[in-house]
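Asker: Please find one structure pasted underneath; my questions will follow.
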Amino acid sequence: MTSRGKPKAKAKAWHSGPKAKGPTSNASLLPSGYLEVPENRKKRVRAARTRASRSINQELITLYWEIGRLILKRQQAEGWGAKVIDRLSVDLSREFPEQKGFSARNLKYMRKFAESYPDREIVQQAAAQIPWFHDCTILDKVQAAEQRQWYIGATIEHGWSRAVLVHQIESNLYSRQGMAVTNFQVTLPVPQSDLAQQLAKDPYMNVP
């Protein structure tokens with residue numbers, strides 16, 4: 001009986017020692033105002049990443065518009081048909097296997113994109129500021145050019161995800177608000193917004 005009691009006494013002594021200090025106990029050793037520094041850096045990093053993502057997205061969508069314009073011109077001048085688009089898809093995919101945007105279906109979206117936005121400046125200032133999948137959604141669901149530009153501007157202003165954009169179009173937000181915005185200011189999306197997060201994804205994967 002006595003020999004069994006001793007280990008218990010030792011175990012009790014082991015747990016009765018002083019508790020280790022947690023990592024927060026060192027906060028008092030930091031210089032005044034230090035905690036504000038990493039928070040400010042985080043904001044700067046997020047903003048920089050958003051600018052970089054937007055720049056990459058703009059270049060990609062401008063490229064898509066140029067390809068679509070080439071297809072459109074050749075179809076009008078030389079009668080290019082669907083088979084030529086299929087062949088172009090194969091050739092581009094073979095040449096650039098790491099880029100996922102050259103399916104025949106996506107090439108047809110590029111052609112429609114160039115046909116719907118003949119002005120390169122409008123593409124760069126508006127349509128190229130949102131993800132490609134957003135642009136394809138607007139092409140599919142909105143027919144009038146003025147309304148398309150309005151939904152692009154609203155997406156940029158409010159940072160809509162694609163799901164929210166679809167909802168706003170299907171609920172006919174343009175008509176309910178009763179106004180068209182044709183000269184909107186293009187601003188960076190808030191880094192934490194759904195739009196900024198979708199821009200930050202691999203742009204080559206954001207294809208139909």
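Asker: What is region 49-199's relative contact order, in percent, from Cα pairs under 8 angstrom and six or more apart in sequence?
Answerer: 27 percent
Asker: Residue by residue, what Karplus-based ³J(HN,Hα) values in Hz, rounded to whole numbers, does region 168-176 have, using 6.51, -1.76 and 1.60 with θ = phi - 60° and x for Gly and Pro?
Answerer: 5, 5, 5, 8, 6, 4, 4, 5, 5
Asker: Would you compute, for the Cα atoms of region 49-199, the largest minus smallest coordinate along each principal axis and list the three values in descending order, in whole Å?
Answerer: Here the Cα extents, ordered largest to smallest, are 43, 33, 25 Å.
Asker: Also: Please compute the modelled spin-label separation between Lys42 and Val90, points set 7 Å along Cα→Cβ, answer in nm with one decimal.
Answerer: 5.2 nm
Read-outs throughout are calculated quantities, based only on the coordinates presented, and are distinct from any laboratory measurement. All values derive from a computational prediction rather than experimental measurement. Note: ideal-geometry Cβ built from the backbone for every residue, glycine included; neighbour counts use all protein chains shown.
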